[in-house]
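Laboratory data are not the source of any read-out in this text; all were calculated from the coordinates shown. Not measured: the values here are computed from a predicted model. Neighbour counts run over all protein chains shown; Cβ positions are idealised from the backbone, glycine included.
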Amino acid sequence: METDRLLLIAVGAHLRAEIGDRPLAYMLREEILRRLEDRFGDDPPLDPVVCSDVWRLNDESIGGTPTVSIGGPGVNALSAFLGDKLSSVFVVEDQLLIQADLEWNDLSVCVWGMDHERTIAAVQAFCERYLDTFLDAAIERLEDEGE
């Protein structure tokens, strides 16, 4: 696997995250693969991989890798780390939150809700509102780095 083609979906290394957020991460991975296949057929430019927040935070070689962090700061250390670095772009008060840089200079996104059902809703909102432009930005960065 080429690490420059990675798109990470990070979940917390916490039991609640493993039980609730990891299955959501795999659902998001399948949605990303479906959208990439629709656009690129059998040779997508990105490899979406589900990983733990600990791996993403501790491996400096992947620090700039496009990443979606699922789960709130209480169960996901990456979301806690990124929380004050990203703007809140979609908020349902006391329900759910999506944080991102919509100019896509930083290709990190945090997606979470106040409980599991609201985190599901946050992932769905991310897919509906931002996933396509996030993928476009990640692909564009990959192409720019390949030149």
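Data table
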read-out: Positive-pole candidate from Asn58, Leu24, Met114, dipole of the chain, charges at beta carbon; value: Met114
read-out: For Val50, residues with placed amide H under 5 Å, excluding near neighbours; value: Ile9
read-out: Inter-part distance where the range 17-43 and the range 112-147 are each reduced to a Cα centre, Å; value: 11
read-out: Principal axis box of the range 61-111, alpha-carbon based, largest edge first, Å; value: 35, 25, 15
read-out: Antiparallel DSSP beta bridges within the range 3-140, as percent of all bridges there, nearest 5; value: 40
read-out: HN-Hα J in Hz across the range 45-50 - Karplus 6.51, -1.76, 1.60, θ = phi - 60°, x for Gly and Pro; value: x, 10, 10, x, 9, 8
read-out: Amide H partners (placed H, <5 Å) of Ser108, local residues excluded; value: Thr67, Asp101
read-out: Order of His14, His116 under a 10 Å beta carbon neighbour criterion, fewest first; value: His116, His14
read-out: The chain: translational diffusion in µm²/s, Stokes-Einstein, Kirkwood Rh over Cα pairs, 20 °C, 1.002 mPa s; value: 142
read-out: Value at 222 nm in deg cm²/dmol, rounded to 500, when DSSP H runs of n ≥ 4 in the chain each add -39,500 (n - 2.57); value: -13000 deg cm²/dmol
